[in-house]
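Notes for the one structure printed next.
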Amino acid sequence: MALRCWRWWHWSAWPRSRPPPSGSTPSRSRTPLGFCQQFSTQEQTPQICVVGSGPAGFYTAQHLLKHHPRACVDIFEKQLVPFGLVRFGVAPDHPEVKNVINTFTQTARSDRCAFHGNVVVGRDVTVPELREAYHAVVLSYGAEDNQALEIPGEELPGVFSARAFVGWYNGLPENRELAPDLSCDTAVILGQGNVALDVARILLTPPEHLEELREMIQLPGTRPILDPADFLGLQDRIKEVPRPRKRLTELLLRTATEKPGVEEAARQASASRAWGLRFFRSPKQVLPSADGRQVAGIRLAVTRLEQGVGEATRAVPTGDVEDLPCGLVLSSIGYKSRPIDPSVPFDPKLGIIPNVDGRVMNVPGLYCSGWVKRGPTGVITTTMTDSFLTSQILLQDLKAGQLPSGPRPGYAAIKALLSSRGVWPVSFSDWEKLDAEEVSRGQGTGKPREKLLDPQEMLRLLGR
């Protein structure tokens with residue numbers, strides 16, 4: 001059965017815990033010039049806690065360890081396994097992005113760093129309890145929710161968030177029972193970002209041939225469906241956009257407007273699958289099947305650009321609608337952070353913790369980095385830069401004497417609390433045992449790994 005995969009875009013958005021061993025001294029070669037003078041080895045050991053073990057959390061920890069010769073960093077994570085979206089959000093055909101795991105592993109193996117998985121901050125331990133135990137706390141737990149469509153019918157079976165769908169095919173335990181029905185012939189993806197593109201590629205591509213967007217146009221057994229009218233006037237406009245986006249736009253423009261050669265035309269004619277990009281459309285309603293028990297289509301409002309300058313240009317409804325039959329709807333209109341603890345300020349509209357340069361407003365000693373700091377935008381390198389900036393601010397405050405000056409118990413105090421509450425943290429060495437088990441299981445099926453999905457099975461493997 002042919003599978004068609006559609007992504008709907010607004011055109012206006014297109015161009016748019018442990019001190020060092022006794023008697024040891026920090027190595028000057030591992031600290032940048034000047035920091036040995038700023039942070040004397042005679043000073044106390046700063047105990048710092050990072051909440052979240054995704055890129056933001058690990059980059060924050062990495063920078064703190066590198067730029068302070070005595071700092072100890074504990075990383076708390078609600079999952080039993082580390083690495084966040086690098087493990088659960090990166091598409092299977094982007095293995096090079098997952099190479100950052102090697103860097104994060106080096107950080108986690110530091111004598112001054114410890115990973116504590118299976119600990120839900122806000123439930124198993126509160127932020128005030130962490131603040132009492134540590135000199136500073138950095139919230140780096142990312143965006144764990146998704147933006148709702150807020151249209152009728154989005155609760156129907158067959159409608160999923162792209163976040164949950166990505167979690168499902170990437171082995172996120174909480175999404176392991178999602179069970180999307182992929183037997184339909186048409187899937188609609190609402191959104192325009194990288195996640196939407198990842199999902200489209202995964203839906204269209206045989207497992208043995210997952211590639212990037214440029215090769216998506218040449219995917220075996222697929223053909224693009226692009227309306228040349230959607231690209232009118234684009235040739236002149238793309239001259240002004242940055243080079244990477246310009247090259248991709250030119251690729252789409254050629255595909256939409258140029259007649260394919262004989263060989264390419266033959267390939268497209270024999271294709272059993274198709275994908276298309278549609279612009280000037282906005283979701284209005286998910287349409288139910290006759291019995292009301294399943295998605296059967298989606299109603300789209302036709303839009304047009306309302307004149308404006310730059311970001312002031314808006315897509316507004318024309319009054320026309322278009323109904324498209326489909327059996328699967330995936331919403332990819334953005335991730336969203338959640339509030340973690342009543343003691344932490346949170347902006348529900350922006351979905352971030354109010355902060356100035358990573359300092360949480362009105363809460364001394366509390367910081368944030370990554371998506372919960374700036375919103376769910378950017379790529380891993382963006383998060384790296386952002387996290388480094390937060391850790392720099394923290395170290396500046398430490399040097400200026402703006403953090404607690406007395407000793408703090410760090411993980412020793414939190415460990416006692418967790419034990420009294422029946423919570424069993426998972427260490428990084430525990431994770432390495434699970435990692436070895438996944439790799440071993442994958443070898444039997446010719447895959448790099450077979451991910452463990454059941455937290456209870458993971459705990460059993462660890463003897464818990």
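The values are calculated or read from the model by the stated rules, or taken from the named source; none is laboratory data. What you see is a predicted model, and the numbers here were worked out from it, not measured in a lab. We place every Cβ from the backbone using ideal geometry, glycine too, and count neighbours over all the protein chains shown. Surface accessibility is based on the protein's heavy atoms, side chains included, excluding ligands, DNA and RNA. Shrake-Rupley method; radii C 1.70, N 1.55, O 1.52, S 1.80 Å.
Name the residue that is nearest to Arg112 (Cα to Cα), counting only residues in segment 388-445 that are under 27 Å from the mean Cα position of the chain (by Cα) and not in a helix (DSSP H, G or I). Among those residues, the one meeting the criterion is Ser427.
Per-residue answers, yes or no, for (1) of a type outside the set (D, E, K, R); (2) within 22 Å of Arg278 (Cα to Cα); (3) surrounded by fewer than 14 Cβ atoms within 10 Å (Cβ to Cβ); (4) modelled with pLDDT under 90:
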residue	(1), (2), (3), (4)
Ala301	yes, yes, no, no
Gly310	yes, yes, yes, yes
Val316	yes, yes, yes, yes
Val329	yes, yes, no, no
Asp341	no, no, no, no
Pro348	yes, no, yes, no
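Would segment 438-448 turn up any residue that is in contact with a helix residue (DSSP H, G or I) (Cβ under 8 Å, 6 or more places away or on another chain) and surrounded by 14 or more Cβ atoms within 10 Å (Cβ to Cβ)?
Going residue by residue through segment 438-448, those that are in contact with a helix residue (DSSP H, G or I) (Cβ under 8 Å, 6 or more places away or on another chain) are 448.
Checking which are surrounded by 14 or more Cβ atoms within 10 Å (Cβ to Cβ) leaves us with none.
No; the residues of segment 438-448 include none that is in contact with a helix residue (DSSP H, G or I) (Cβ under 8 Å, 6 or more places away or on another chain) and surrounded by 14 or more Cβ atoms within 10 Å (Cβ to Cβ).
Where helices (runs of 4 or more DSSP H) fall wholly inside segment 126-206, the ranges with 2 or more residues that are of a type in the set (Phe, Trp, Tyr) are 162-169. Does Asp430 satisfy the criteria of being open to solvent by less than 60 Å² (accessible area, probe 1.4 Å) and under 22 Å from Leu178 (Cβ atoms)? Taking the combined requirement at face value, the residue does not satisfy it. Yes or no: Ala296 at pLDDT 85 or above, open to solvent by 30 Å² or more (accessible area, probe 1.4 Å) and assigned to a strand (DSSP E or B)? Here the answer is yes, as Ala296 does meet what is asked. Scanning segment 78-92 for residues that are at pLDDT 95 or above and open to solvent by 20 Å² or more (accessible area, probe 1.4 Å), which turns out farthest from Pro173 (Cα to Cα)? Here the answer is Lys78. So in segment 271-287, with the set limited to residues that are polar (S, T, N, Q) and part of a strand (DSSP E or B), which one is farthest from Thr318 (Cα to Cα)? Among those residues, the one meeting the criterion is Gln285. Looking across segment 233-266, the residues that are open to solvent by 80 Å² or more (accessible area, probe 1.4 Å) and among the basic types (Lys, Arg) come down to Arg237, Lys239, Arg243, Arg245, Arg247, Arg254, Lys259. Is segment 363-386 home to any residue that is open to solvent by 40 Å² or more (accessible area, probe 1.4 Å), modelled with pLDDT of 90 or more and part of a loop (DSSP other than H, G, I, E, B)? The answer is yes, given that some residue of segment 363-386 is open to solvent by 40 Å² or more (accessible area, probe 1.4 Å), modelled with pLDDT of 90 or more and part of a loop (DSSP other than H, G, I, E, B). So, Gly142, is that one modelled with pLDDT under 90 and closer than 29 Å to Gln294 by Cβ or not? Taking the combined requirement at face value, the residue does not satisfy it. The residue that is modelled with the highest pLDDT, among those in segment 150-183 that are buried (at least 19 other Cβ atoms within 10 Å of the Cβ) and among the aliphatic types (A, V, I, L, M), is Val159.
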